[in-house]
Amino acid sequence: MYKLIIPSFKRHKTLKEKTLNYLSKTNIPSKNIFIYVANEEEKTIYKDYLDSNSYAEIVVGKRGIPQQRNFIQKTHKIGEHIFMLDDDLKSISTKVNNKKLMQIEDLEDFINHAFNMCKKNKVRYFGTYPVDNPFFMKNNISFDLKYIVGNVIGVINNHDVLRDEGEECKARLDYTAGKESHEMTIKYFIADKGIGRFNYVAPTCVYWGGEGGHQVSRNAEGEKQATEWLYNKYPQYFKKVLRKNGMWDLVIKRTKKA
């Protein structure tokens, strides 16, 4: 049994048009879908706009993706299967060949298979290939150190591997810093000596696009601070890079599963 959880912030229209629209084409029962918002005002907006048959419950949690995902983990039992999606996914697809992808409709089968493979390999965290380009995607599942982008993740729930909410990276206190996906990739790799990545599966989405979401408050200075913090904390795992858009970023050094 699993819960499909969608953290969302100021994106009720995007959520309806994209992620919930895609899920309606899959075999995921609406009773398994939970939407987490930042406050009561957001809950009212989402409840008035969304089709009540498309989800089980709208839950008020925390603002900020590190804070919200920590809240989700802390309020669920250890060992529960939590599958989290971003609110702006057009679809999740599987590789057919080097030129073709096929949208996954039996998503429940993938979710259950992914959790079973992670338990078999004694890891608690998994994701997919980061971009929907079949030429680069591989027909395998890896358990070494590879970046897990946060738009599609599965967690065998625990209360010990959590995100920094500003105790170390001060920019997260005012929601200007990201790098939550980089942080969790490294923390789970260290904790479990491996993480799962399904390299034949990928989401279709627009990174840093549309209204709402984390880019409402994230900025270049916050990203720089988060980059410096994680690089200084885990220099053996990261390289720093300056992107063409002026944003500092991190690239993970490849390390085999211990």
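The values are calculated or read from the model by the stated rules, or taken from the named source; none is laboratory data. Worth saying up front: this structure is predicted, and the values here are computed from it rather than measured. When we count neighbours, we look across all protein chains shown, and the Cβ atoms used for this are built from the backbone with ideal geometry, even at glycine. These accessible areas exclude ligands, DNA and RNA; they are computed on the full protein's heavy atoms, side chains included. Shrake-Rupley method; radii C 1.70, N 1.55, O 1.52, S 1.80 Å.
Some notes on this structure:
- The lone criterion from (1) of a type in the set (F, W, Y); (2) open to solvent by 10 Å² or more (accessible area, probe 1.4 Å); (3) touching a Ser or Thr at 6+ places or on another chain (Cβ under 8 Å); (4) over 22 Å from I104 (Cβ atoms) left unmet by Y46 is number (2).
- When residues in the stretch 123-136 are screened for being under 19 Å from L85 (Cβ atoms), open to solvent by less than 50 Å² (accessible area, probe 1.4 Å) and aliphatic (A, V, I, L, M), 0 of them pass.
- Residue count for the stretch 184-208 satisfying the condition of being closer than 16 Å to L145 by Cα and under 12 Å from the mean Cα position of the chain (by Cα): 2.
- With respect to (1) at pLDDT 95 or above; (2) under 16 Å from the mean Cα position of the chain (by Cα); (3) under 28 Å from E221 (Cβ atoms), the lone exception for E167 is condition (2).
- Long-range neighbours under 8 Å by Cβ, at least six apart or interchain, first residue open to solvent by 10 Å² or more (accessible area, probe 1.4 Å) and part of a strand (DSSP E or B) within the stretch 143-159, second of a type in the set (S, T, Y) and at pLDDT 95 or above: I156/Y125
- Any hit, the stretch 84-105, residues being within 20 Å of A191 (Cβ to Cβ) and surrounded by 15 or more Cβ atoms within 10 Å (Cβ to Cβ): yes
- Subset of the stretch 160-197 [touching a residue at least 60 places away in the same chain (Cβ under 8 Å), more than 17 Å from F126 (Cα to Cα) and part of a helix (DSSP H, G or I)]: R172
- Residue match in the stretch 49-69 (condition: touching a Cys at 6+ places or on another chain (Cβ under 8 Å), open to solvent by 10 Å² or more (accessible area, probe 1.4 Å) and not aromatic (F, W, Y)): no
- Residue that is nearest to E105 (Cα to Cα), among those in the stretch 17-43 that are open to solvent by 40 Å² or more (accessible area, probe 1.4 Å) and in a helix (DSSP H, G or I): N21
- With respect to the stated conditions, I72 is under 19 Å from V155 (Cα atoms) and either part of a helix (DSSP H, G or I) or open to solvent by less than 40 Å² (accessible area, probe 1.4 Å) (or both).
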